[in-house]
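Have a look at the structure below before the remarks.
The values are calculated or read from the model by the stated rules, or taken from the named source; none is laboratory data. None of these values were measured; they are calculated from a predicted model. When we count neighbours, we look across all protein chains shown, and the Cβ atoms used for this are built from the backbone with ideal geometry, even at glycine.
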Amino acid sequence: MAFRNRVDAGRRLADQLMFLQGQDVVVLGLPRGGVPVAFQVASALHAPLDVIVVRKLGVPFQPELGMGAVAEGGVRVINDQVVRMADISTTELSAVAERESGAVVQRADVLRRGRPAVPLQGRIAVVVDDGMATGSTARAACRAAKARGAERVILAVPVASPEAVADLSHEAEVVCLQTPHDLWAVGQWYRDFSQTSDHEVVELLEKAAQAGPGDRSSHQAGAPLVETTSSVDIDTGNVTLQGDLTMPDDPAGIVVFAHGSGSSRHSPRNRFVAARLNQARLATLLFDLLTVSEEADRRNVFDIELLAGRLVEATAWVRDHPDTDRLPIGYFGASTGAAAALWAAAQPGTEIAAVVSRGGRPDLAGSRLGLVRAPTLLIVGGSDTEVLRLNRDAQSRLACENRLAVVPGATHLFEEPGTLGEASDLARSWFLDHLHGTQRPAA
């Protein structure tokens, strides 16, 4: 599905980044084409907009062939394979890098019109471009953001090659709407991919600066703002787990997330779902089921009983927290996290009001499935055939109120346009139906 233009791509990308709303975010567009996309993201998040200037290092005798990139702050990324293939000497490479580094400084000054760069120290940097084929410029931009002190770096693009996404995931959290296997040029995924001028970039930066991060006039109508997001420590007795608690005004309940194998509380997909729930006045808790050292042992990642135990501990923490102690609790699990959610929901005393599984493996909960009493929604992609079969089998073993919802065209990760939004809406409706009016009495 092609994007109409960069504005359309930016708005769609902003929808996927709403989990960042209310946090200390700076949006950084890569000039020139990335800035119109970034402007839409910054407007939706009410975040400051800036550029992060990167220049490709072209092979001297074939400038269109990139052998690396340089970015603000003296960051340099070299593609050693291209350098070897083109037989570029150290002297030649240094000369090109020095020339382009000077151009970076000049372009940054021209585009910012003398304004200082927006500070990144201790903040979340969202690096935005209009697409990513190889990722060399994006890599340099992410490293530049880290060098300037960003606490967390998210790379957000409307379209990218699967190889670039996999490669860049080691540099930053990657949010990408489409990953076509036949991406030979970013422009093929836009109906209008006309060139962005320096004048347009300057205008967008000035417009964003005049509006300021507190100007909410460009926010999508009807989207209530999250009141607070705070980092929390969940003490299980043996280890301390890191979490993010988001509390909207007068919440109707709280949903505790259990992420899948190889993921964490920073999962872009879970945070997208959480943002949708927050907008419906549901609090959310995303937390790491394992410590960093525990994740190093892959056996822990698939130890459903261990993960379920952590979820039970987090549930006890919610019940003891003064802001959440009276709220009905739901579980949202993805992949192996869905099995942990169902296992924990079957634990006597957890009193879970509802469970939702997205692309989950409920079959891994085994004999515990028959003990679950919480109303359970299983959401599966229509193109995720094997997991769909496993969910149908697991559903037959549930004795509680349950439903299997199939999202047409979705694969396991719900990467296809619109599919994650549809899954989020299904989850939101299920939680609102089953958490509403079930507040726990005061102690």
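Here is how the numbers come out for the structure above:
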| quantity | calculated |
| --- | --- |
| Odd one out for residue 47 among (1) in contact (Cβ under 8 Å) with a residue 60 or more places away in the chain; (2) surrounded by fewer than 22 Cβ atoms within 10 Å (Cβ to Cβ); (3) farther than 14 Å from residue 137 by Cα | (2) |
| Residue list for the stretch 158-172, restricted to those being in a loop (DSSP other than H, G, I, E, B) and either under 13 Å from the mean Cα position of the chain (by Cα) or over 22 Å from residue 6 (Cβ atoms) (or both) | 169, 170, 171, 172 |
| Restricting the stretch 118-137 to residues that are in contact with an Asp or Glu (Cβ under 6 Å, 6 or more places away or on another chain) and among the small types (Gly, Ala, Ser), the residue that is modelled with the lowest pLDDT | 135 |
| Qualifying positions in the stretch 108-157 - of a type in the set (D, E, K, R), surrounded by 24 or more Cβ atoms within 10 Å (Cβ to Cβ) and outside any loop (DSSP other than H, G, I, E, B) | 139 |
| Flag if residue 398 is touching a residue at least 24 places away in the same chain (Cβ under 8 Å), buried (at least 17 other Cβ atoms within 10 Å of the Cβ) and assigned to a loop (DSSP other than H, G, I, E, B) | yes |
| Some residue of the stretch 34-42 being under 18 Å from the mean Cα position of the chain (by Cα) and surrounded by fewer than 19 Cβ atoms within 10 Å (Cβ to Cβ) | no |
| Residue within the stretch 363-374 that is assigned to a helix (DSSP H, G or I) and in contact with a Lys or Arg (Cβ under 7 Å, 6 or more places away or on another chain) present | yes |
| Qualifying residue in the stretch 59-79 (condition: under 30 Å from residue 15 (Cβ atoms), of a type outside the set (A, V, I, L, M, F, W, C) and under 22 Å from the mean Cα position of the chain (by Cα)) | no |
| Every residue from the stretch 296-330 that is small (Gly, Ala, Ser) and either over 20 Å from residue 343 (Cβ atoms) or touching a Lys or Arg at 6+ places or on another chain (Cβ under 9 Å) (or both) | 296, 308 |
| Qualifying residue in the stretch 83-93 (condition: polar (S, T, N, Q) and assigned to a helix (DSSP H, G or I)) | yes |
| Subset of the stretch 361-384 [over 25 Å from the mean Cα position of the chain (by Cα) and over 19 Å from residue 429 (Cβ atoms)] | 363, 364, 365, 366, 367, 368, 369, 370, 371, 372, 373 |
| Elements of type helices (runs of 4 or more DSSP H) in the stretch 197-316, at least 3 residues being at pLDDT 80 or above and buried (at least 17 other Cβ atoms within 10 Å of the Cβ) | 198-211, 268-279 |
